[in-house]
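Just below is one structure, and these are the notes that go with it.
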Amino acid sequence: MGPEHTPAGTALPHDAATEAPATPRLLQLLSLAEDAPELAAVAPYLTDSDPVVRRTAVTVPTETVPPGTGPALAATLVDADAGVREAAAGSLRELGETLPAEGALRDGLAFALSVDDPVVRAAALDVLRALRLGDAELFKGSLSDSSITVRIEAVRALVSVDATDEVARAAGDPSREVRVTIARALGTGVSGRLGDTPPTGSWPTRARAVLTELVADPDALVRAAAYEALATTGCPAPLDAVAVAAPGSDIAPFAPDRTN
């Protein structure tokens, strides 16, 4: 049986589909996938010597999500093959909040934060945040990551746990994309809360200080994102006066299109 006869519903990885015929081992896995296997049946393929088999294996549990899927996928984030790691990261992000928030998964994802692959580190942060498996202590180290994508995920994670000091520190990140993410994340995380009179040192107070810094950012897109956030967080004094005086070019990039 050739690759053109692989079971319906389970696609071959790009490598296998376009560069070489499917091996017997890969065809066994594809056949197994049609039977909604338990994780124990898929596990040997996750450590197969052929990276194409391993890349396919990490996609199989996403169909039925048998018990243990999360930790098993997290373990493959350290695979020697970049394609396997990318596939595992994609599977974890696809499953997201459907995975049980178990300790073994947290441990695997936390370990993955040190893997020399920004795709892996970003995915690990994303899933840790989505499942509420992390805290400020775990997330803050990624603010100094060399990858902008990873730092963006770290910001989102820190906002989700109201990590005030860490988010304030990230507001000085050299990347415009990171600073825009901070503003947008605050717009969601502090929605409607800046109009109150929060106690000094509280999360809304610190968020107000960060947005005050961002509306004065030298980059117009960052300023625009900060003003967009203020539209949802509330815009107390003196930010209300700053917003009124802001040039249209600072507001326009993220303003709703009202031409239709």
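A few remarks follow.
- Condition check for residue 84: of a type outside the set (S, T, N, Q), open to solvent by less than 10 Å² (accessible area, probe 1.4 Å), more than 17 Å from the chain's Cα centre (by Cα) and closer than 30 Å to residue 35 by Cβ: yes
- Against the numbered list (1) among the aliphatic types (A, V, I, L, M); (2) buried (at least 16 other Cβ atoms within 10 Å of the Cβ); (3) over 17 Å from residue 185 (Cβ atoms), residue 157 comes up short only at (3).
- Scanning segment 92-142 for residues that are over 15 Å from the mean Cα position of the chain (by Cα), more than 18 Å from residue 64 (Cα to Cα) and buried (at least 22 other Cβ atoms within 10 Å of the Cβ) gives a single hit, 108.
- Flag if residue 241 is at pLDDT 75 or above, among the aliphatic types (A, V, I, L, M) and more than 27 Å from the chain's Cα centre (by Cα): no
- In segment 213-232, the residues that are in contact (Cβ under 8 Å) with a residue 24 or more places away in the chain and within 15 Å of residue 170 (Cα to Cα) form Cβ pairs under 6 Å with partners that are assigned to a loop (DSSP other than H, G, I, E, B) and open to solvent by less than 10 Å² (accessible area, probe 1.4 Å), at six or more places apart or across chains, as follows: 213/171.
- Residue 41 vs. criteria out of contact with any strand residue (DSSP E or B) (no Cβ under 6 Å at 6 or more places or on another chain), surrounded by 16 or more Cβ atoms within 10 Å (Cβ to Cβ) and on the phi < 0 side of the Ramachandran plot: no
- Residue match in segment 161-171 (condition: at pLDDT below 95 and under 16 Å from the mean Cα position of the chain (by Cα)): yes
The values are calculated or read from the model by the stated rules, or taken from the named source; none is laboratory data. Remember, it's a predicted structure, so these values are computed and weren't measured experimentally. Here the Cβ is made from the backbone with ideal geometry for all residues, glycine too, and neighbour counts use every protein chain on show. Ligands, DNA and RNA are stripped out before the accessible areas are found, and what is left, the full protein with its side chains, is counted by its heavy atoms. Shrake-Rupley method; radii C 1.70, N 1.55, O 1.52, S 1.80 Å.
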